[in-house]
1. Among S164, S45, what is the fewest-to-most ranking by other Cβ atoms within 10 Å?
2. Which one, [x] 1.08; [y] 1.04; [z] 0.97, gives Rg/Rh (Cα atoms, Kirkwood Rh) as derived from the coordinates shown?
3. What ranking do T117, T94 get, fewest neighbouring Cβ atoms within 10 angstrom at the top?
4. With springs only between Cα atoms under 10 Å apart, run a GNM on the chain and tell me which of N163, N24, N114 wobbles the most.
5. Just need the relative contact order of the stretch 12-51 here, percent rounded to a whole number, with Cα pairs under 8 Å and 6+ apart.
6. What does the highest-first list of 29-35, 149-155 look like by mean Cβ count within 10 Å?
7. Towards the positive end of the charge dipole of the stretch 122-166, with charges on Cβ (+1 Lys, Arg; -1 Asp, Glu), say which of A139, P151, I165 has the farthest Cα.
8. Could you compute the net charge surrounding A95? Neighbours are other residues with a C-beta less than 13 Å from the C-beta of A95; K and R count +1, D and E count -1.
Amino acid sequence: MADHTTRTAYTVESLLAVTVDVFNERGYDGTSMEDLSRAAGISKSSIYHHVRGKEELLRLAVGRALDALFAILAEPGAVEGPAVERLEHVVRRTAEVLLAELPYVTLLLRVRGNTATELWALERRREFDHQVAALVRAAVADGALRSDVEPRLATRLLFGMINSIVEWYRPGLKATDGVPDAVVHLAFDGLRAR
């Protein structure tokens, strides 16, 4: 976990960065406001000056990851052109967002539905998955992807591969350069209709 105790003034954004580190290390349920206060090097009352509590911090953190993912679906590459090209764009960009927002996406992938915020996040993740599954179905209907793999299964497998990145990826390792391209090549070489 990063050492954030040398900061003297906190913003919601800097507090969120500390919070995400602590949530990822200890788990949301295993983290107290005292833990967050200690990690940030500020009093609990200073935290409450910025947010209402721990669950608001969780919502802000997973919301950041979800907003980044949903923004992909509005990009020109996701809405223009053949379905298979739009799908490739979404898959590549999803891997890129995961890498760029690694702590936030890691937290999003660890929510289990124990709070209202976690239930909200799970529902939004399902909504994202459904939109991607629709792209898979469209690419199958166009004849660009194999029809013998059910679209929802293909979507789950794609995101299983992408989401597993949070378990092994470490920034700065040379062996991890080109991860988004590798994901696209591995996925689409196996999914393309022959």
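1. On the way: S164 11, S45 8.
Ranking S164, S45 by Cβ neighbours within 10 Å, fewest first, gives S45, S164.
2. Here Rg/Rh (Cα atoms, Kirkwood Rh) agrees with entry [y].
3. Listed from fewest to most nearby Cβ atoms, that is T117, T94.
4. With Cα springs under 10 Å in the chain, the top fluctuation among N163, N24, N114 is at N114.
5. Values: 20 pairs, mean separation 16.6, N = 40.
It rounds to 42 percent for the stretch 12-51.
6. Working: 29-35: 13.1, 149-155: 16.7.
Listed from highest to lowest mean packing, they are 149-155, 29-35.
7. Sorting the options by dipole projection puts first I165.
8. -3
Values quoted throughout were computed directly from the atomic coordinates according to the rules given, and no laboratory measurement underlies them. Keep in mind that this is a model prediction, so the values were computed, not measured. Glycine gets a Cβ as well: all are built from the backbone with ideal geometry, and neighbour counts include every protein chain shown.
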